[in-house]
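Participant: The structure under discussion is supplied below as C-alpha cells; questions concerning it will follow.
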Amino acid sequence: MNRLFTLFLGAAALVAVSASGADIKARISLKSPGNAAVSYALTERGGKLVADKALPVGITQTVTADGDDEVVSITLKADSRVYVNFQAEAATGFKSADCEFYLPGFWYHRNMRSPKEAPSFHSSKSWNFREDRLSSPLSGAYDTATGEYMTVLRQNTECADALTTHNEGEVILSGNTSVGYLGFDNEGASTLLTFGYPYMETPRRYIRKLYLAPSITAFAKMEKGETKTLTWRLHKAKAADYGEFVSKTWDYCFDRLNAQPLQAAYTADQMKAQLTEYFRRSYVDKYALKYNSGITLRVDDCKPCDQVQLGFCGRVLLNAFNALEYGEQHQQPDLVKMGNAIFDSFLKHGITEKGYFFDDAHLDRGMPASKDVTHSIRQQSEAVYAVLHYLNYEKQHGRAHKEWEKRVRTMLDNFVSLLKPDGSYARKFHDDGTDIDGSGGSTPSATSTLVMGYKYFGDKRYLAAAKRTVDYLEKNIISKSDYFSSTLDANCEDKEAAISAVTATYYLAMTTKGKESQHYTELCRKAAYFALSWYYMWDIPFAQGQMLGDLGLKTRGWGNVSVENNHIDVFVFELPHIVKWLGENGGDKRFVQMYNVIYSSLCQLLPTEGHLCGVALPGYYPEVVQHTAWDYGRNGKGFYNDIFAPGWTVASLWELYSPHRTSDFLTKKK
C-alpha cells in the first residue's frame, strides 16, 4: 500500500511523503501521581512507536486506506499501571497566513466575530478543545489561496466519561473516558491539525461565558495488560470557497457518523398536551400587561417573575397564539381566555409612542417611558410574526381585529422606513429609529415578517423591502459564510444567525416564482449547511452522576448555541421543516434524515409528573442544557443552569410540532 501518512517524531525535519499526504508527529506524556508529567517524542520502527528510552506502555500504529481517507489507528498496551496522554499533529502543507478553520458548532473562520474573552484568534492562533464541545468530532483547515482543505475526524465507538477533581493543570481522571481532543496549531509558517487522547484544552479552556480559564491536560489510567485503540480519519479535498468547504465537510461527517433518528418518546399531540401545563402555570394577570412568565425563572421552583420579554427569550405573543389556537382546537376555554387576554393587553398597553412594541420590562417597576426603550429588530420582528399568525387565524374564523391590523401596518411601515440603503437593519435602535447598534447581522430576522406582511395585507412595499434585505444577506453574510450577531446577549458567530438566513431565504423562495425562486432556494440551501453545522451528529458521553447522562440523553439532533454560549438547546422553530423541504425538493437524503434526527430527539427532556427531568414543574421545558465542561453560571456538565427561560423553548417545540403552519400561511391567497 502506498503510505500517504508517515508517523515521525522528534525535533528533526519531517519525512518526505507524497504531495497528497500529510506527515504526523506524535508524543506521549506519562504521569506518575504526585509528579509532573514527562513527555516523550515517538518514532516509528516496524509498525511500533518508540521513544529514546523504554516506556511502560507499548504503542503500535496502523495506517489503512478507506476511499479518500487515511485511517490512522494507535493501540496503547500497558506493561504496568500507567497514566497516559497521547498527542499527535498532522502537517497540512498549507501556509498558516492563508488558513481558516472549522470545528463544527464552535469555530468558524478564525472566530474573529467573538471577543477576546472567548476562543478566537484575538487570544491565540493555536487551540485544542474537548471533543464534546463539537457537534461533530472534527477539526479542519481551509487554504484560502489554493482551495485545498484537510480534516481530522475522530472515529470512536465507545461512549464514556469520568469526573475530575480539578479543572486545570495535569489531572488524573477518576475513571474511563472516551473524550479526546481536536484542534489546530497556526503559530508556525504552516498549519498543523492537532488531535489526541484523552482530552486537553490549550492554551486556555472556555468554562463559562466570556471567561477563559487555565489549560488542562487529562491523563487516563491504564492497568497492566490493558489495551486501548484510538482511531482518526484524515481527509484532503478541494472546495471553491469556505462555504463549500463547510458544506462538503458536513456531508462527509454525516456519511461517516451516520446519525440515526431515535425512537421518539412522545408524539406531537402528547408533547403539546404536556406543554400546555406551562401556559397554565406561568400565566400572570396582575399587571396591565398579561403574559406567560418565561424568562429568568429558577429551575428549582419555576415561580413566575415580573419580567416580560416580547420575543426571544420570552416569545410572549407567540405563546399566547399557541395557547389560544390549542384551546379552541381541544375545547379548553381557559387557554383561549389567557391567549386573548394577552393580545388585548399588548394592544392596549404594550405599544410605544412611535408604534413599536415594548421589548422588555420588569413590571414591578412600571412600564418604561418610550424614550428610554431599547428595541431590537429581532424582537420586533418576532412579535409582528406572532401577531400576523394570530390575525390570520382570527380572520379564518370570521373574527376581525381592525385596531390590531392598523397597529401592525404601522409597525411594518416603520420597518420599511428603518431599512438602510444597503438593505440592512440596525441590530438595536431607539424608539425614534436612531441606531444603538448598527451591526447588520440580525437583518434576516425581519425578512420573514415583511414577507408575511405582504401576504396578509397585499402591500408590495413589504415584499420589495424583504427582497432588499436578502440582497444584503447574500452579499454580506451568505457569500462570505459569515453568520453572526443574531443572539440577543452575544455578538459573535452563532446558530441563530444561520437559522435566520435559512428562514429569510425560504420565505422568499416560497413567495416568488421561476428563476427568482430557484435563486432564493439555492441561498437557503447554502445557509442551511451552516445552520445544521451547529447540530450534533453524535451522542456525547456523560459520567455517572451527571443528571443528563443518568436520564439517558442522546445529544444527536440538539444544537450548540454560539461561540460565546457553549451549551445545547432546542432552538429550531421552523428550521427542521425547511431542511426537510430542501431535502425533498433537492433529492438530498441527508437533509431528510437530519430532519428525522432532530424531530425525534428534541422531546427527550420533557418534564412530566413523575419524570420531571430536573425541572420543578411539568411542561417547563429546560433551556440551558450543559453538555460539556462549561456552565452558564452554575452546575456544569450534565446539568442545567439555575436560571432558565422556558418561554422560548416551549414556543420553539410548538413550531416543530406544527409542521404546516408556515407553509399554509405562505401559500394562502392574498
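Participant: Obtain the nm distance between the two label points defined at R365 and R634 by a simple spin-label model: each point lies 7 Å from its Cα along the Cα-to-C-beta direction.
Facilitator: 2.2
Participant: Below 8 Å between Cα atoms, with a sequence gap of 6+, how large is the relative contact order for the chain in percent? Before the final figure, lay out the partial values.
Facilitator: Numbers: 1504 pairs, mean separation 90.0, N = 670.
So the answer I get is 13 percent.
Participant: Something else: Can you compute the FRET efficiency between K224 and T64 using 1/(1 + (r/R0)^6), with r the Cβ-Cβ distance and R0 = 22 Å? Round to the nearest 0.05.
Facilitator: Working: r = 29 Å, r/R0 = 1.31.
Efficiency computed from Cβ-Cβ geometry: 0.15.
Participant: Cα-based Rg of the chain per 2.2 N^0.38 Å, rounded to two decimals? It would help to have the intermediate numbers written out before the result.
Facilitator: Details: Rg = 26.1 Å, N = 670, 2.2 N^0.38 = 26.1 Å.
For the chain, the normalised Cα radius of gyration comes out at 1.00.
Participant: Also, quick follow-up: May I ask for the angle, rounded to the nearest 10°, between helix 316-329 and the longest principal axis of the chain, with both axes built from Cα atoms and the value confined to 0 to 90°?
Facilitator: Compared with the principal axis, the helix lies near 70 degrees.
Participant: Now for a separate question. Quote the accessible area belonging to D482 in square angstrom, nearest 10, computed with a 1.4 Å probe and with ligands, DNA and RNA left uncounted.
Facilitator: 30
Participant: With each pseudo-label sitting 7 Å past Cα toward Cβ, what's the A268-T75 distance in nm, one decimal?
Facilitator: Label at A268, label at T75, 5.0 nm between them.
Participant: While we're looking at this one, here's another question. Could you give the angle, 0 to 90 degrees to the nearest 10, between helix 460-473's Cα long axis and the longest principal axis of the Cα atoms of the chain?
Facilitator: 10
Participant: The stretch 392-414 to the stretch 164-181: how many Å between their Cα centroids?
Facilitator: Centre-to-centre (Cα) distance: 57 Å.
Participant: Ok, one more. Tally Lys/Arg at +1 and Asp/Glu at -1 over every other residue whose Cβ is under 11 Å from the Cβ of M222; what's the total?
Facilitator: Details: positive: K77, R81, K221, K224, K228; negative: D79, E223, E226.
Once all neighbours under 11 Å are counted, the net charge is +2.
Participant: Also, I was wondering about something else. Report the full-extension gain for the segment E609 to S517: residue separation times 0.36 nm, less the Cα-Cα distance, to one decimal in nm.
Facilitator: Details: separation 92, 0.36 × 92 = 33.12 nm, distance 4.70 nm.
Fully extending the segment from E609 to S517 adds 28.4 nm.
Participant: Next up: Once the stretch 130-260 is represented by equal point scatterers at the alpha-carbon sites, with solvent omitted, what log10 I(q)/I(0) does the Debye formula produce at q = 0.10, 0.18, 0.21 Å⁻¹?
Facilitator: -0.39, -1.10, -1.30
Participant: Let me ask something additional. Find the Rg to Rh ratio for the stretch 397-476, where Rh is the Kirkwood radius over alpha-carbon pairs and Rg uses the same atoms.
Facilitator: 1.01
Participant: Roughly what percent of Cα-Cα pairs across the stretch 523-621 reach past 15 Å? Before the final figure, lay out the partial values.
Facilitator: On the way: 3188 of 4851 pairs.
The share of Cα pairs beyond 15 Å in the stretch 523-621 comes to 66 percent.
Participant: How much length would be gained if the chain were fully extended between K337 and V592, taking 0.36 nm per residue of separation minus their Cα-Cα distance, in nm to one decimal?
Facilitator: Details: separation 255, 0.36 × 255 = 91.80 nm, distance 3.83 nm.
Stretched out fully, the K337 to V592 stretch lengthens by 88.0 nm.
Participant: Here's a follow-up. Residues of the stretch 327-357 with amide nitrogen under 20 Å from the 7 Å Cα-to-Cβ point of R461?
Facilitator: Under cut-off, by backbone N: 352-357.
Participant: Further, regarding this structure: Once both labels are modelled 7 Å past Cα along the beta-carbon direction, what's the K303-K420 spacing in nm?
Facilitator: 4.4
Participant: Among all the lysines, which ones have a C-alpha under 24 Å from K402's C-alpha, if same-chain residues fewer than 8 places away are not counted?
Facilitator: K290, K337, K348, K354, K455, K460, K668, K669, K670
Participant: A288 to C159: extension gain in nm, 0.36 nm per residue of separation minus the Cα-Cα distance?
Facilitator: Working: separation 129, 0.36 × 129 = 46.44 nm, distance 5.18 nm.
Taking A288 through C159 to full extension adds about 41.3 nm, to one decimal.
Participant: Now for a separate question. Excluding residues fewer than 8 places away in the same chain, name every one of the lysines whose C-alpha is closer than 21 Å to that of K25.
Facilitator: Leaving aside lysines fewer than 8 places away in the same chain, those within reach of K25 are K48, K53, K77, K95, K125, K228, K236.
Participant: Still on this model: Enter the angle in degrees (range 0 to 90, nearest 10) between the Cα long axis of helix 514-533 and the first principal axis of the Cα atoms of the chain, meaning the one along which they spread out most.
Facilitator: The answer is roughly 50 degrees.
The values are calculated or read from the model by the stated rules, or taken from the named source; none is laboratory data. All figures in this text were calculated on a predicted structure; none of them were measured in a lab. Please note: Cβ atoms are built from the backbone with ideal geometry, for glycine as well, and neighbour counts cover all protein chains shown. The accessibility values were calculated without ligands, DNA or RNA, using every heavy atom of the protein model including side chains. Shrake-Rupley method; radii C 1.70, N 1.55, O 1.52, S 1.80 Å.
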